[in-house]
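Novice: Please read through the structure below; I'll follow up with questions.
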Amino acid sequence: MPGYLGSAVAPLINDLPKHITNPTIRKNMISPSVYGVLLIVSGLLAIYLPETNNKALPVSLDSEIRTQKNEHESSMVSLGFESHKL
């Protein structure tokens with residue numbers, strides 16, 4: 001869904017400099033500035049997604065693999081499946 005919104009709004013942002021009448025504003029910097037602000041805001045909002053909220057960053061790839069494995073096993077147990085280790 002966000003892709004549809006982005007593809008609908010992108011041409012409007014690109015046409016935005018044509019509608020600015022203030023001569024002190026550099027028109028060639030408006031579109032990149034809008035995209036830059038949207039990028040920063042979306043990155044900050046991603047912190048609050050359930051997958052990243054209150055989670056520490058992994059120190060290494062091995063620690064991330066162990067964390068994912070433990071989360072998978074605990075979710076399977078909560079669903080009623082027994083944990084089988086090979």
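Rule-based calculations on the coordinates, nothing more; no lab input. Values in this document were obtained by computation on a predicted structure and should not be read as measured data.
Novice: What number in nm² do you get for the stretch 1-55 if you take the convex hull of its Cα atoms and divide its surface by four?
Specialist: Over all viewing directions, the stretch 1-55 projects a mean Cα-hull area of 5.0 nm².
Novice: ³J(HN,Hα) across the stretch 2-16 via Karplus (A = 6.51, B = -1.76, C = 1.60, θ = phi - 60°), whole Hz, x for Gly/Pro?
Specialist: For the stretch 2-16, the Karplus-derived couplings read x, x, 5, 5, x, 6, 7, 8, 4, x, 5, 5, 5, 8, 4 Hz, x marking Gly and Pro.
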